[in-house]
Amino acid sequence: MFGADPVAVDATCARLMSIDPWRVSYLGDAEAFLGNIASERIAQLAEDVDTLRQDFRVLEPFETLKLTPRATAG
């Protein structure tokens, strides 16, 4: 994955791992001045994120970062 907006790239990678990018603190901070987290503001030029999403295991302290079933559309 690559792109001109590093925040959008990280947010998209998080979505690919079933992690909610809005719950990742550095992304929320960076979105304020550096790039985009909102999927509707990210130009996706290749595969659809939803078709490639994987449910990555995360360490227990980071379980709160996971996408909830209702949030997977983003």
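Counting charges near Arg23 (Lys, Arg +1; Asp, Glu -1) among other residues having Cβ under 13 Å from its Cβ returns a value of -3. Among Arg41, Arg23, Arg15, the largest mean-square fluctuation in a Gaussian network model of the chain (Cα springs under 10 Å) belongs to Arg41.
If you run the Gaussian network model on the chain, springs between alpha carbon atoms under 10 Å, then out of Val49, Val58, Val24 the most flexible one is Val58.
Match the structure shown to one of the listed values (i) 17, 32, 23, 16, 9, 3, 0; (ii) 17, 32, 25, 23, 4; (iii) 20, 55, 24, 1 of P(r) over Cα pairs in 10 Å bins from 0, in percent, computed from it, and give that label. Read-out taken from this structure: (iii).
A cut-off of 5 Å between modelled amide H atoms, ignoring neighbours fewer than 5 places along the same chain, links Ile19 with Leu67. Excluding the site residues themselves, the longest part of the chain lacking any chymotrypsin sites (Phe, Trp or Tyr not before Pro) in a DSSP loop with at most 15 other Cβ atoms within 10 Å is 3-32.
Solvent exposure of the chain, expressed per residue, is 71 Å² of accessible area, with all protein chains present and a 1.4 angstrom probe.
The values are calculated or read from the model by the stated rules, or taken from the named source; none is laboratory data. No experiment lies behind these values; they were computed from the predicted model shown. In this analysis, Cβ positions are derived from the backbone assuming ideal geometry, glycine residues included, and neighbour counts consider all displayed protein chains. Surface accessibility is based on the protein's heavy atoms, side chains included, excluding ligands, DNA and RNA. Shrake-Rupley method; radii C 1.70, N 1.55, O 1.52, S 1.80 Å.
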